[in-house]
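Structure first, commentary second.
The values are calculated or read from the model by the stated rules, or taken from the named source; none is laboratory data. The model shown is predicted, which means the values in this text are computed figures rather than measured ones. A quick note on method: Cβ atoms are made from the backbone with ideal geometry, for glycine too, and the neighbour counts reach across all protein chains shown.
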Amino acid sequence: MIRPTRVDDAYNRLRAAILHGRHRPGSRLLLTALCVEYEISSGVLREVLPRLLGEGLVVAEPQRGFRVVEVSAEDLRALTESRVLVEAAALRQAINCGDLQWESALVAAHHTLTGQSLRAEDGSLRREWFVAHSDFHRALLAGSPNHRLQEIADRLRDATEIYRYWSESIGDDHDRDIAGEHASILEATLARDAERAVALLTSHYERTRDILLRVQNEAGIAEQAG
């Protein structure tokens with residue numbers, strides 16, 4: 001087993017903190033504070049930040065350092081469109097090429113997801129659900145022989161995840177059955193029905209986009225009224 005290096009460990013921790021909202025979209029990343037918080041040297045941090053920059057999770061500003069990428073309606077629309085294009089291609093390949101081992105791993109990932117609750121008792125969103133959710137969507141594409149497509153899909157998925165911090169209301173569309181959507185995608189995929197699986201996956205992403213845009217728009221109206 002290969003042990004992660006100090007740089008890898010710091011990268012994974014800071015990346016997770018950004019994706020899970022500890023560093024909010026648009027917030028500045030103060031280098032000295034990060035070194036103290038993560039107990040790393042400035043040299044390690046200088047290796048970590050370019051990796052996050054390459055993934056689109058942070059941006060560099062001349063003379064000002066780094067900050068977490070901001071969120072916007074325009075970018076969310078572009079991300080969703082990109083995810084649909086990339087993941088549709090990868091899912092078609094997975095359905096055509098995936099073997100029994102892929103199917104088994106996909107079923108296991110879905111089983112793990114169904115065992116997680118979206119919200120904690122206090123109403124907050126549970127990180128464990130989002131991890132299982134990402135794992136399920138990653139498993140859907142794992143049967144594709146094109147690892148580049150899978151890597152692009154991973155980056156787009158991570159970039160999209162940060163948008164859930166626009167609102168705590170992502171799961172509050174009472175007419176939506178998220179678990180049912182996942183089950184339908186799984187069923188169509190295992191049936192090797194590429195057209196139906198892609199259509200369901202597209203609808204799944206576009207509905208999430210529409211919910212986030214609606215919530216963001218309502219928040220903007222509330223801010224103006226305040």
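Out of VAL59, VAL71, I need the residue that is modelled with pLDDT under 90, outside any helix (DSSP H, G or I) and either of a type in the set (Val, Ile, Thr) or surrounded by 12 or more Cβ atoms within 10 Å (Cβ to Cβ) (or both). Which one?
VAL71
So, of the residues in the stretch 100-138 that are hydroxyl-bearing (Ser, Thr, Tyr) and either crowded, with 16+ Cβ neighbours inside 10 Å or at pLDDT 95 or above (or both), which turns out to be nearest to ARG192 (Cα to Cα)?
SER104
Return the residues of the stretch 26-50 that are surrounded by 17 or more Cβ atoms within 10 Å (Cβ to Cβ) and in a loop (DSSP other than H, G, I, E, B); say none if nothing qualifies.
ILE40
Would you confirm whether or not the stretch 44-63 contains a residue that is free of Cβ contacts under 8 Å to residues at least 24 places away in the same chain and under 30 Å from GLY143 (Cβ atoms)?
Yes, some residue in the stretch 44-63 is free of Cβ contacts under 8 Å to residues at least 24 places away in the same chain and under 30 Å from GLY143 (Cβ atoms).
Can you tell me which of GLU81, GLU70, GLU121 is free of Cβ contacts under 8 Å to residues at least 60 places away in the same chain and within 19 Å of ALA17 (Cα to Cα)?
GLU70
Filter the stretch 139-190 down to the residues that are among the basic types (Lys, Arg) and modelled with pLDDT of 80 or more, then identify the one that is surrounded by the fewest Cβ atoms within 10 Å (Cβ to Cβ).
ARG148
When the residues of the stretch 81-99 are filtered to those that are surrounded by fewer than 17 Cβ atoms within 10 Å (Cβ to Cβ) and in contact with a Gly (Cβ under 9 Å, 6 or more places away or on another chain), which remaining residue is farthest from ARG209 (Cα to Cα)?
Only one residue fits best here, namely ASP99.
Please work out which one of (1) within 18 Å of LEU201 (Cα to Cα); (2) without any contact (Cβ under 8 Å) to a residue 12 or more places away in the chain is the condition ALA90 fails and give its number.
It is condition (2) that ALA90 fails.
When the residues of the stretch 194-213 are narrowed to those that are touching a residue at least 24 places away in the same chain (Cβ under 8 Å) and more than 17 Å from the chain's Cα centre (by Cα), which ends up surrounded by the most Cβ atoms within 10 Å (Cβ to Cβ)?
ALA197
Report, by residue number, each residue of the stretch 1-52 that is in contact with a Lys or Arg (Cβ under 8 Å, 6 or more places away or on another chain), under 16 Å from ARG64 (Cα atoms) and at pLDDT 90 or above.
Answer for the stretch 1-52, where residues must be in contact with a Lys or Arg (Cβ under 8 Å, 6 or more places away or on another chain), under 16 Å from ARG64 (Cα atoms) and at pLDDT 90 or above: SER27, ARG28, LEU29.
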